[in-house]
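All of the numbers you see were taken from the coordinates with simple rules; none came from a lab. This structure is a prediction, so every number in the text was calculated from the model and none was measured. Quick reminder, even Gly has a Cβ in these numbers, built from the backbone with ideal geometry, and neighbours come from all protein chains shown.
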Amino acid sequence: MRIAVDIKPEVLRAVQEATGITKKSPAIRRALDLYLREVRKRRFIVRVLKGKTDYIATNEELEARSAHDLR
């Protein structure tokens, strides 16, 4: 899907630097993918810590996973 979005040039440059992707659209897609992954991960961890899932892990295991999950 194609859309038009106004993005400040300095924000776009920061996204390109953070993702390591120089082309605009792929850099923005990657940044959005990474953002959504992080949001989903945090929501999942909150559900686990509240006991609202069957996932079995200690707090230490969850913290270690998020610290090493930097893909």
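For the range 9-68, what does the relative contact order come out to in percent, with C-alpha contacts under 8 Å and a separation of six or more?
About 17 percent, as a whole number.
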**Request:** For the chain, build the charge dipole from Cβ charges (+1 Lys, Arg; -1 Asp, Glu) around the Cα centre, then report which of F44, L32, T58 sits farthest towards its positive end.
**Result:** L32
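Which value in deg cm²/dmol, rounded to the nearest 500, describes the helix-derived mean residue ellipticity at 222 nm for the chain, given -39,500 (n - 2.57) per DSSP H run of n ≥ 4 and division by the residue count? Write down the numbers at each step before the final one.
Details: 3 runs with 47 residues, N = 71.
Helices in the chain give a 222 nm mean residue ellipticity of -22000 deg cm²/dmol.
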**Request:** For the range 10-24, take each phi angle, set θ = phi - 60°, evaluate the Karplus expression 6.51 cos²θ - 1.76 cosθ + 1.60, and give the result in whole Hz per residue in order, putting x for glycine and proline.
**Result:** 5, 5, 4, 4, 5, 5, 5, 5, 5, 8, x, 10, 7, 6, 5
**Message:** Please enumerate, by chain and number, the lysines with C-alpha under 28 Å from the C-alpha of K52, excluding those fewer than 8 residues away in the same chain.
**Reply:** K41
